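Reading through the structure tokens given below for one structure.
All of the numbers you see were taken from the coordinates with simple rules; none came from a lab. Note that the structure is predicted; figures quoted are calculated from it, not measured. Here the Cβ positions follow ideal geometry from the backbone for every residue, glycine too, while neighbour counts run over all protein chains shown.
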Amino acid sequence: MIILNKGIILKTEDNKSKKPNFIIKTIKKLSKFCCDILFPEDIKCIFCGNDIPNFDEKPYCEICEKEIVFNDKNKCLICAEPIENEAVVCDSCQKNKRFFKKAVCPLIYDGKVRSAILSYKDSNQRYKAKVFANLIAKEIQKEKLNIDVITYVPLTEKKKKKRTFDQSELLAFEIGKILNLPVLCLFKKERDSKAQKKSSFKERQENMKGMYSLLPTKLKKAHSVLIVDDIITTCATINYCSGLLEKKVKNVYVCAIARNKLKQK
């Protein structure tokens, strides 16, 4: 602002107010650049943190590769739950209606896999999303699933703000980039769920009622939709969301980083 004679005031751009913001942004970018050089995340094993020679080719070390359990043995044709006998469909899928056609889960939720997923979600290690998405995408291509749209199981806004990001949303967008498919937000989580670690199979199913709602959508009946989640345990969450979509589209497929086998009570 410049004050001239006779009280005439001319307004000018307040460059001083802009400079601090510019300086702060520049410092942040420089800081991130330095951290990426000094402490790069994409050269370390996603399971143990040890240095590896080629992250893009194989994002885990040889030791972890022998210890982590891939879900590539006998498993349920519907929900991808590991099966110890020669059955092709697990007991749970035989007893309970599934609103999705098939689940894809490349890993077993145990040991180092469990630790890696928890660090991804709770320790803000977002770079792991690309690795997990790549593993899922490879399984989808292997199964030759025809998908038109990708969506995800969302967090509540409160939980997302606390965590600073939605792990399933980020995972869905990374899968979308690999498969060149659109990603839409189709669900809203109405409330935060209580911890269900000690809940029985039936209790988990009951707790799901009203947990999610379907947002207005322009999906076509001929569309096949993929729902992304981080972990599948009893299928309660993923099956409930699938049920909201089932009659609106041709097929519903689901996927997650890992599959957990939970004993039913």
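Data overview
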| quantity | calculated |
| --- | --- |
| The stretch 70-259 pair-distance distribution - Cα-Cα, 10 Å bins, rounded % | 9, 38, 40, 12, 0 |
| Cα extents of the stretch 39-135 along the three principal axes, largest first (Å) | 50, 25, 21 |
| Radius, Kirkwood style, for the stretch 79-192 when every pair of distinct Cα atoms is counted (Å) | 15.8 Å |
| Residue exposure sequence - C235, C48, C61 - by fewest surrounding Cβ within 10 Å | C48, C61, C235 |
| Net length gained if the chain between K209 and N74 were fully extended (0.36 nm per residue, minus Cα distance) | 45.4 nm |
| K218-K159 pseudo-label distance in nm [points 7 Å out on the Cα-to-Cβ vector] | 3.0 nm |
| Cross-link reach list, aspartates and glutamates versus K75, counting only Cα pairs under 15 Å and skipping chain neighbours closer than eight places | E84, E86, D91, E139, E143 |
| Contour minus Cα-Cα distance for E86 and S193 (0.36 nm per residue) | 35.0 nm |
